[in-house]
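Everything below concerns the one structure shown next.
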Amino acid sequence: MLPLSGYLVVDFSQFLSGPLASLRLADLGARVIKVERPGSGDICRHLYASDTLLNGMSTVFHAINRNKESVALDIKNEADRKVITKLIERADVVIHNFRPGVMERLGYSYERVRQLNPRVLYGEISGYGTSGPWKDKPGQDLLLQAMSGLMWLSGNADAGPVPMGLSIVDMFAGANLCYGLLACLYRRSRTHAGAHVQVSMLETAIDIQFETITTYYKDGGCEPLRTASNSAHAYLGAPYGIYRTEDGYLALAMASIPQLARLLECPALADYREPAEAFEKRDEIKVILAGHLRGRPTRHWLSILETADIWCADVLDWHRLLAHDGFKALDMFQQVAMGDGFTYPTTRCPIRIDGEVLKAVRGAPALGEHNQRIMEELYG
């Protein structure tokens, strides 16, 4: 039996952050019911991250809303509000990611929901918190990356601000909400107390920079400095970075520069003997290393470096990753089916419990697919 079997999550959230939290709860066994607007549903149904559709909907929606149920209810309609109230009264967890004040205006603030269900865990994600001059700004991932300083950590020194190629703030915010809810579920098992769990995307974006911001304070407010080339971390010295080889790319993490000089047969690196030079002269070291590594294939360098236990890796694209035995051994794909029989492959939950890989068979729900079943459960 999965650890959250028997728990009910009523999820009002849209886009990525909230649905990502409820996805993980569903993966762990909870029953998740998405409350969606009739006609349009979760905006993410039509948020196209590519020109690829799955069964008439966006791939993003399918990827993060598998293993959930959908009920289409108008939160402003009195008859539908009665259904929503009944769902909340039965819920263990209620989730939303509306802007501050929206759920209050709709009549489902934490205080109101707690009156309906004193043991409920009420989880909410906001963009910038519930107070302060930014609280009403849109909590969109690219904007949060821009405002949190994240964009000055990737890319080379002359590249300007570089955004992450994933909605990284959404993902971590959803994970943080999930952590908080799981901790409070554990507390409730001992104390029967409900909880109000709040996460903001801005606090999340700052938190995932814990190392770099701590260094910033220690440095007396010095901004991070990216290397001129082959940058992979603004605060780490050479050789840390990605390097072009004769036939591809090589990722190279921490290593002694004199040791690399010997292993790679690169005499020019032998001049850098002091450990401090790996940072103080990292730009010039990387230029020498980049020029040298271009001369032979990636496999050649890996055979030397891996044998010496130097941290390095081939830089794989998805074609090569998915074809590799190392990936296949993970069993990371699962085939799921929608209610209409449409099937699609997607990633599985990365958690294993007692050696068991957590997979689901149910794909994302059609809008309002489970209205009849849920009405029968609530009203008999």
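Remarks
- Candidate lysines for bridging to LYS359, where Cα separation is under 21 Å - those fewer than 8 sequence places away on the same chain excluded: LYS34, LYS68, LYS328
- Here each label is just a point 7 Å from Cα along the line to Cβ, and for ASP325 and VAL287 those points are 4.3 nm apart.
- Sorted by Cβ density within 10 Å, fewest first, the residues MET57, MET338, MET201: MET338, MET57, MET201
- Spin-label model, ILE43/THR191: points 7 Å from Cα along the beta carbon direction are separated by 3.5 nm.
- Placing a label point 7 Å from the Cα of LEU143 along the Cα-to-Cβ direction, the residues of segment 93-137 whose backbone N falls under 18 Å of that point are 97-103, 125-137.
- The translational diffusion coefficient of segment 180-264, from Stokes-Einstein at 37 °C and 0.692 mPa s with a Kirkwood hydrodynamic radius over alpha carbon pairs, comes to 192 µm²/s.
- Most simply put, the chain has about 40% antiparallel DSSP beta bridges, counting only bridges with both residues inside it.
- Put simply, the Cα atoms of the chain extend 80, 48, 43 Å along their principal axes, the longest span coming first.
- Each distinct pair of alpha carbons in segment 1-47 adds a 1/r term; the inverse of their mean, the Kirkwood radius, is 11.2 Å.
- P(r) histogram, all alpha-carbon pairs of segment 241-323 included - 5 Å bins from 0, percent: 3, 14, 26, 28, 16, 7, 4, 2, 0
- Residue-wise HN-Hα couplings along segment 237-249, as the Karplus relation 6.51 cos²θ - 1.76 cosθ + 1.60 with θ = phi - 60° gives them from phi, are x, 5, x, 3, x, 10, 10, 6, 10, 4, 10, x, 9 Hz; Gly and Pro carry x.
Bear in mind these aren't lab numbers, they're just calculated from the coordinates by the rules spelled out. Given the structure is predicted, the values throughout are model-derived calculations rather than measurements. As a convention, Cβ positions derive from the backbone with ideal geometry for all residues, glycine included, and neighbour counts pool all protein chains shown.
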